[in-house]
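*Asks:* First the structure, which I've put down as structure tokens, then a few questions once you've had a look.
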Amino acid sequence: MVNLQECILAGTLPARIEVVISSRAAALGVERAKSLGLRVTVVEHAALLPTEFDHAVDEVVGEVDLVCMAGFLSLWRIPPRLEGRVINIHPALLPDFGGKGMYGRHVHEAVLVAGRIVSGCTVHFCDNEYDHGPIILQREVPVLTDDTPDVLAARVFREECIAYPEAIRTLVDGRVRWFKPK
């Protein structure tokens, strides 16, 4: 979110952040968003039934053109009206190392345990499964023999900061769009 806002302010990303939604009031992103002057709404996932949570998020999202998830760890069932307009960034090369519980340090630990020599990040369209949906783009990084999860995470994060704005630009320009055969 911070990276996207910086790109917007620099004029390199033709977008506007309408609202930041968090499923936890204590999330670091809430304070970061407020410090950037962005409107923030918290929809506490833990306090609501899944259908109530979905409805509350839908209400806040409204009719935006694009929903960009970043660090949103709660499953939000995307309504049909937003199909193809919700994207996410994941710190691994999907379909590997995705799914429930695969976020942050857990992803990088799993990559190292698996002995992979390449990792990276994936920007993808969201559907109603964790880390699933058509891939928009991926960026790779080498996994080095002396990497720790934190060192690998930092290398992947640098690529995420390039990948997410790039993916949004491809959507804004119409170069990529969701296609679901009937």
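Read-outs throughout are calculated quantities, based only on the coordinates presented, and are distinct from any laboratory measurement. Just so it is clear, the structure is predicted and the values come from calculations on it, not from any experiment. Cβ sites come from the backbone with ideal geometry, for glycine too, and all protein chains shown count toward neighbours.
*Asks:* With each label point set 7 Å from Cα along the Cα-Cβ vector, what nm distance links VAL151 and ALA114?
*Replies:* Distance between the two pseudo-spin positions: 2.1 nm.
*Asks:* Here's another thing I want to ask about it. Based only on other Cβ atoms within 10 Å, what is the fewest-to-most ordering of VAL2, VAL113?
*Replies:* Working: VAL2 14, VAL113 9.
Final ranking by Cβ density, sparse to dense: VAL113, VAL2.
*Asks:* Once fully extended, how much extra length lies between VAL2 and TRP178, figured as 0.36 nm per residue of separation less the alpha-carbon to alpha-carbon distance? Could you put the intermediate results ahead of the total?
*Replies:* On the way: separation 176, 0.36 × 176 = 63.36 nm, distance 2.56 nm.
The VAL2-TRP178 span can extend by a further 60.8 nm.
*Asks:* Amide H of VAL143: which non-local residues (sequence gap of 5 or more, or other chain) have their own amide H closer than 5 Å, using H built in the peptide plane?
*Replies:* Correct list: VAL118, SER119.
*Asks:* Ranked from highest to lowest mean number of other Cβ atoms within 10 Å per residue, what is the order of the peptides 117-128, 52-63, 149-160?
*Replies:* Numbers: 117-128: 20.3, 52-63: 15.3, 149-160: 16.9.
Highest-to-lowest ranking by the protection proxy: 117-128, 149-160, 52-63.
*Asks:* For GLU44 and VAL60 in the same chain, what is the full-extension length gain: residue separation times 0.36 nm, less their Cα-Cα distance, in nm?
*Replies:* Working: separation 16, 0.36 × 16 = 5.76 nm, distance 1.26 nm.
Once the chain is fully extended between GLU44 and VAL60, it gains 4.5 nm.
*Asks:* Check which residues have an amide H placed less than 5 Å from ILE136's amide H, if you skip close sequence neighbours.
*Replies:* Residues meeting the amide H criterion: VAL123, HIS124, PHE125.
*Asks:* Does segment 22-83 come out rounded, prolate or oblate, given a ≥ b ≥ c as the square roots of the eigenvalues of its C-alpha gyration tensor, rounded meaning a/c under 1.5 and, failing that, prolate meaning a/b above b/c?
*Replies:* Oblate is the answer for segment 22-83, as a/c is 1.5 or above yet b/c matches or exceeds a/b.
*Asks:* Assigning unit charges at the beta carbon (Lys, Arg +1; Asp, Glu -1) and nothing else, what dipole magnitude in debye, to the nearest 20, does the chain show about its Cα centre?
*Replies:* Dipole size: approximately 300 debye.
*Asks:* Quick one: length gained pulling ARG16 to GLU52 fully straight, 0.36 nm per residue minus the C-alpha distance?
*Replies:* Numbers: separation 36, 0.36 × 36 = 12.96 nm, distance 2.73 nm.
Going from the current span to full extension adds 10.2 nm.
*Asks:* Among VAL40, VAL64, TYR103, which residue has its Cα furthest toward the positive end of the charge dipole of the chain, with +1 on Lys/Arg Cβ and -1 on Asp/Glu Cβ?
*Replies:* With unit charges placed on the Cβ atoms, the residue in question is VAL64.
*Asks:* Per the Debye formula with a single identical scatterer at each Cα and no solvent contribution, what log10 I(q)/I(0) holds for the chain at q = 0.10, 0.17 Å⁻¹?
*Replies:* -0.40, -1.18
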